[in-house]
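Input: a single structure, listed below in structure tokens.
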Amino acid sequence: MGEFKKVASVGDLQPGTSKLVEVSGKKIALFNLGGTCYGIDDTCPHRGGPLSEGLIEGESVTCPWHGSVFNIKTGAVETSPARVGVTAYKVRVQGSDIEVEV
């Protein structure tokens with residue numbers, strides 16, 4: 001089991017938006033879906049595109065470089081060209097802090 005570390009404040013991540021954060025040497029894309037925060041690896045396994053800059057539709061994000069689609073809640077790949085998913089991280093809100101378990 002990892003340790004939760006503060007990566008942002010609630011005011012930094014409005015519903016329907018994403019943000020790149022770095023913690024413990026990892027780049028993590030944070031997403032706010034309807035007031036609930038999620039985190040997945042920021043780097044697309046296909047060619048390294050930044051998922052935090054992708055188009056959010058429902059519970060999915062589309063890599064801005066080549067169009068791979070990933071589930072924001074689980075990190076699972078939904079549409080190629082990526083063949084594998086990305087790591088999903090546990091995220092919690094403590095007061096006004098957003099924390100990720102790493």
Members of segment 61-73 that are free of Cβ contacts under 8 Å to residues at least 24 places away in the same chain and surrounded by fewer than 17 Cβ atoms within 10 Å (Cβ to Cβ):
PRO64, TRP65, HIS66, GLY67
Out of the residues in segment 47-101 meeting the condition of being among the basic types (Lys, Arg) and more than 14 Å from the chain's Cα centre (by Cα), tell me which one is nearest to LYS26 (Cα to Cα).
ARG47
Report yes if LEU20 is open to solvent by 20 Å² or more (accessible area, probe 1.4 Å), in contact with a strand residue (DSSP E or B) (Cβ under 7 Å, 6 or more places away or on another chain), of a type in the set (A, V, I, L, M, F, W, C) and not in a loop (DSSP other than H, G, I, E, B), otherwise no.
yes
Pull out all pairs, ordered by first then second residue, where Cβ-Cβ is under 8 Å, the residues are six or more apart or on different chains, the first lies in segment 25-44 and is under 13 Å from THR62 (Cα atoms) and hydroxyl-bearing (Ser, Thr, Tyr), and the second is part of a loop (DSSP other than H, G, I, E, B) and at pLDDT 95 or above.
THR43/GLY49; THR43/VAL86
Just give me the residues in segment 74-97 being of a type in the set (Phe, Trp, Tyr) and either farther than 14 Å from THR36 by Cα or loosely packed, with under 14 Cβ neighbours inside 10 Å (or both), in sequence order.
none
Candidate set from segment 47-60 (those that are assigned to a loop (DSSP other than H, G, I, E, B), under 24 Å from PRO15 (Cβ atoms) and of a type outside the set (Asp, Glu)); member that is most open to solvent (accessible area, probe 1.4 Å):
GLY58
Considering only residues that are open to solvent by 30 Å² or more (accessible area, probe 1.4 Å) and of a type outside the set (Asp, Glu), look in segment 37-46 and name the one that is farthest from the chain's Cα centre (by Cα).
HIS46
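The values are calculated or read from the model by the stated rules, or taken from the named source; none is laboratory data. On a predicted model such as this, the values are computed, not experimentally measured, just so you know. Here Cβ is always computed from backbone atoms with ideal geometry, including for glycine, and neighbour counts include all displayed protein chains. Side chains are part of the model used for accessible areas, which takes the heavy atoms of the whole protein and leaves out ligands, DNA and RNA. Shrake-Rupley method; radii C 1.70, N 1.55, O 1.52, S 1.80 Å.
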